[in-house]
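A.B. asks: Let me give you the structure first, and then I'll get to my questions.
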Amino acid sequence: MRVIEHLPLQTERLLLRRYTLADVPAIYRINSSEEVTRYLPFGPMMSEEDAINQLERFFLPAYAQADAGQTGPGGLPLDLKFAACLKDTKELVGMVFVETSDGSCELGYTVDPRWWGEKHCHRDVPGRGRPGMHAGPWSPYRYG
């Protein structure tokens, strides 16, 4: 199953979709928090330009590669980042990411601090963890 072909993915409360350049203000707002980025491989963003750079360097090229049918190590999906939006309002409230660069598959997420305590990710994302923390090993076959 190629996840990218099934976007947007939906849970009871969330839509997981591709990021676009229109998401830059929300990406910056969420990732400018030191608390959010504490467990991520990058520090807090300092400007919207940092969000644009992240999109252009990592997210958009990965979408293009996935669209072209490219896969990661062992045939796993490429590292992908999905915008997590509230289903009813479409507001971007976090990010769900699938990391496959080392041949394993790991699911993680970040949540806008304004939504901490609302339990969207605890209900909608398998695994438990702090906002901004990798949720742990994930099998690509669990949902297929």
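The values are calculated or read from the model by the stated rules, or taken from the named source; none is laboratory data. Small disclaimer: the values here were computed from a predicted structure and weren't measured. FYI the Cβ positions are ideal-geometry reconstructions off the backbone, even for glycines, and counts take in every protein chain you see. Keep in mind that these areas ignore ligands, DNA and RNA; they rest on the heavy atoms of the full protein, side chains included. Shrake-Rupley method; radii C 1.70, N 1.55, O 1.52, S 1.80 Å.
A.B. asks: Residues in segment 34-45 that are surrounded by 11 or more Cβ atoms within 10 Å (Cβ to Cβ) and either assigned to a loop (DSSP other than H, G, I, E, B) or of a type in the set (Val, Ile, Thr) (or both): how many? It would help to see each step written out before you state the result.
C.D. replies: From segment 34-45, those surrounded by 11 or more Cβ atoms within 10 Å (Cβ to Cβ) are 35-40, 43-45; that's our starting set.
Next, only the ones that are either assigned to a loop (DSSP other than H, G, I, E, B) or of a type in the set (Val, Ile, Thr) (or both) stay: 36-40, 43-45.
The qualifying residues number 8.
A.B. asks: Given Gly72, Gly103, which one is farther than 22 Å from Leu15 by Cβ and surrounded by 19 or more Cβ atoms within 10 Å (Cβ to Cβ)?
C.D. replies: Of Gly72, Gly103, the one residue that is farther than 22 Å from Leu15 by Cβ and surrounded by 19 or more Cβ atoms within 10 Å (Cβ to Cβ) is Gly72.
A.B. asks: Of these, Ala26, Ala64, which one is out of contact with any helix residue (DSSP H, G or I) (no Cβ under 6 Å at 6 or more places or on another chain), assigned to a helix (DSSP H, G or I) and in contact (Cβ under 8 Å) with a residue 60 or more places away in the chain?
C.D. replies: Among Ala26, Ala64, only Ala26 is out of contact with any helix residue (DSSP H, G or I) (no Cβ under 6 Å at 6 or more places or on another chain), assigned to a helix (DSSP H, G or I) and in contact (Cβ under 8 Å) with a residue 60 or more places away in the chain.
A.B. asks: Further question on the same structure: Could you tell me whether Glu56 is open to solvent by 80 Å² or more (accessible area, probe 1.4 Å), free of Cβ contacts under 8 Å to residues at least 24 places away in the same chain and more than 16 Å from Val96 (Cα to Cα)?
C.D. replies: So Glu56 passes the test.
A.B. asks: Then there is this: Looking at segment 67-90 only, could you name the residues that are part of a loop (DSSP other than H, G, I, E, B) and either more than 14 Å from Asp23 (Cβ to Cβ) or modelled with pLDDT under 85 (or both)?
C.D. replies: Ala68, Gly69, Gln70, Thr71, Gly72, Leu76, Pro77, Leu78, Asp79, Lys87, Asp88, Thr89, listed by residue number.
A.B. asks: If you don't mind, another one. Which of the residues belonging to segment 12-28 are surrounded by 14 or more Cβ atoms within 10 Å (Cβ to Cβ) and out of contact with any strand residue (DSSP E or B) (no Cβ under 9 Å at 6 or more places or on another chain)?
C.D. replies: Taking segment 12-28 as the starting set, the residues that turn out to be surrounded by 14 or more Cβ atoms within 10 Å (Cβ to Cβ) are 13-19, 23-24, 26-28.
Hits for segment 12-28 are Val24, Tyr28.
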